[in-house]
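The values are calculated or read from the model by the stated rules, or taken from the named source; none is laboratory data. Note that this is a predicted model, so its numbers are computed, not measured. Every residue, glycine as well, gets a Cβ built from its backbone with ideal geometry; the counts of neighbours run over all protein chains shown. Heavy atoms of the whole protein, side chains included, go into the accessibility calculation; ligands, DNA and RNA do not. Shrake-Rupley method; radii C 1.70, N 1.55, O 1.52, S 1.80 Å.
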Amino acid sequence: SRRSLPHRSAERHFDSSGGMDAYDSDQPLFCDDTGEALNEAARKLVLSALAKDKRAEVEGDGKTLGAVLSSIPVVDCAIGTWKYVQVQLTHPDEPDTFVLVVRSYNHCSYHAENYQELMRRLRRDAKTKGCVGRVIGGGRIRFDKGAGVCEVYGYSKTFGRTPGCNEKTADIIRKACPEFKKVSWSDSGY
């Protein structure tokens, strides 16, 4: 039996008879309480985003990035408190190299939507069009450029807990945003 859809603030979809059939929608739908993928579009998005081994070594191999990967900003976070994802990006023209990026967008309600928006933006740019992304993990981020403060915490219900993800995200932000006075992290909270 189908369980009822939890509250979702996105546009509702209707079947040909005029009735709502969000489970069959092309719009990915996630449970507000659990982060669970509620339809096939959401399941496909999560599977496409997952790193093959989320606990794989992500420190990099010391190789110099090529023109494509080095052109991608490492940190792009919306001001305020939002869900974020850490994504490992590769490109076929730059074999055996990758870059870790951190993304949070103020219009994305779910971690998978942040990944989807990142990949959409990369595909629109001719230079970064062939990039492949794999989610390492995610959580929440409070990003305050004005105060020079960033706090990384929690986890993604959709992608699960990834040990070390918040700590690594804080390190990435410290390096990419040296103007920040305080960058802290915790695995606590949601």
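Restricting to segment 147-171, name every residue that is free of Cβ contacts under 8 Å to residues at least 24 places away in the same chain and open to solvent by 60 Å² or more (accessible area, probe 1.4 Å).
Passing the criteria: only 167.
Any chance segment 128-139 includes a residue that's over 30 Å from residue 38 (Cβ atoms) and touching a residue at least 40 places away in the same chain (Cβ under 8 Å)?
yes
Filtering segment 130-164 down to residues that are part of a strand (DSSP E or B) and hydroxyl-bearing (Ser, Thr, Tyr), which residue is modelled with the lowest pLDDT?
Among them, the one singled out is 156.
Just the residues that are among the small types (Gly, Ala, Ser) and open to solvent by 50 Å² or more (accessible area, probe 1.4 Å), please, taken from segment 110-145.
Correct list: 126 only.
Give me a count of the residues in segment 101-118 that are more than 10 Å from the chain's Cα centre (by Cα) and either free of Cβ contacts under 8 Å to residues at least 60 places away in the same chain or within 11 Å of residue 137 (Cα to Cα) (or both).
So the count comes out to 2.
If you go through segment 127-135 one residue at a time, do you hit one that is out of contact with any Ser or Thr (no Cβ under 9 Å at 6 or more places or on another chain) and within 21 Å of residue 73 (Cβ to Cβ)?
Checked against the condition, which is being out of contact with any Ser or Thr (no Cβ under 9 Å at 6 or more places or on another chain) and within 21 Å of residue 73 (Cβ to Cβ), segment 127-135 yields at least one hit.
Can we say residue 81 is assigned to a strand (DSSP E or B) and either modelled with pLDDT under 50 or among the β-branched types (Val, Ile, Thr) (or both)?
The answer is yes for residue 81.
Could you list all residues from segment 92-107 that are open to solvent by less than 60 Å² (accessible area, probe 1.4 Å), at pLDDT 95 or above and not in a strand (DSSP E or B)?
Listed by number, the list holds a single entry, 105.
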